[in-house]
1. List, in order, the whole-Hz ³J(HN,Hα) value for each residue of region 174-182 obtained from phi through the Karplus relation with A = 6.51, B = -1.76, C = 1.60 and θ = phi - 60°; use x for Gly and Pro.
2. At a Förster radius of 22 Å, what calculated FRET efficiency corresponds to the Cβ-Cβ distance of Ser207 and Leu233, to the nearest 0.05?
3. Under the Karplus relation 6.51 cos²θ - 1.76 cosθ + 1.60, θ = phi - 60°, what is the ordered set of whole-Hz ³J(HN,Hα) values for region 134-148, x standing for Gly and Pro?
Amino acid sequence: MTKNEDFLERFQEDLQARLESDTWFDDIPVLLQRRGLTDADINEKIGVFNTKAGKHGLVAIVLMPALEVIDGENRPGPQVEARAAIQILENRLINQESQTGTGKSAESTALHVLRLLHHFQPGAVDGRFYVANGRALEPMDPGLKNVVGYHVWIRSSSGLLSPERVARPAIAPAGGALPVSVSITTGTAGAAIYYTTDGSFPWSGNSQASLYSAPFNLAVSARVRAAAYLAGLVGSDVASQEF
């Protein structure tokens, strides 16, 4: 089987493995539809007779992917894009049990899946990555008693990924009485942090911005904004805190 012919299988397996590798799913089973999955299997995985890490009531299912032809009219062979959905199913009655439920709702789990898989680059095929697709999060009716669910839609793509970005700074403390000593940090080693106290955009070209080097004191009310920069990376998102 060539790398193109087995791409659909790897696409589905990559999605499953990415979810299983995240600690959010330590107590949530992640299933593959193509492996003879039945309603009985689903009920077992979200029922009281099956647990993962002592919890039950929630399950994720990576459905079989489909191929969509993109602009194939004038090409010798079709250019295709794979699309797949992850079903998040929750038995609310079981999952809300304080001791044995997961403590995670179908809604929060679906959002977490979306965050995990958007711009996920598995490295299995050069230049390919996965992104949220269309109505990325869609409620569904599983047709099972006491069960609610969501579809999280994901597609494969190729081309330019969003460039790596400097980590957004953290401003401490989170408010408080004046006067106050303010410190700013970023998770990107070597990044330069610029900050302003007048609400303007923090960057080196702003005469009102200061290069952060050590905690500073504020004696009057201000809106502190901070951003971090490092050569070769996109500047961070801006952090903001009112004092």
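Laboratory data are not the source of any read-out in this text; all were calculated from the coordinates shown. Given the structure is predicted, the values throughout are model-derived calculations rather than measurements. Don't worry about glycine lacking a Cβ; one is built from the backbone with ideal geometry, like all the others, and counts go over all protein chains shown.
1. Whole-Hz 3J(HN,Hα) from phi for region 174-182: 7, x, x, 6, 8, x, 9, 9, 9.
2. With a Förster radius of 22 Å, E is 0.35.
3. Whole-Hz 3J(HN,Hα) from phi for region 134-148: x, 7, 4, 10, 9, x, 9, 10, x, x, 10, 4, 6, 10, 10.
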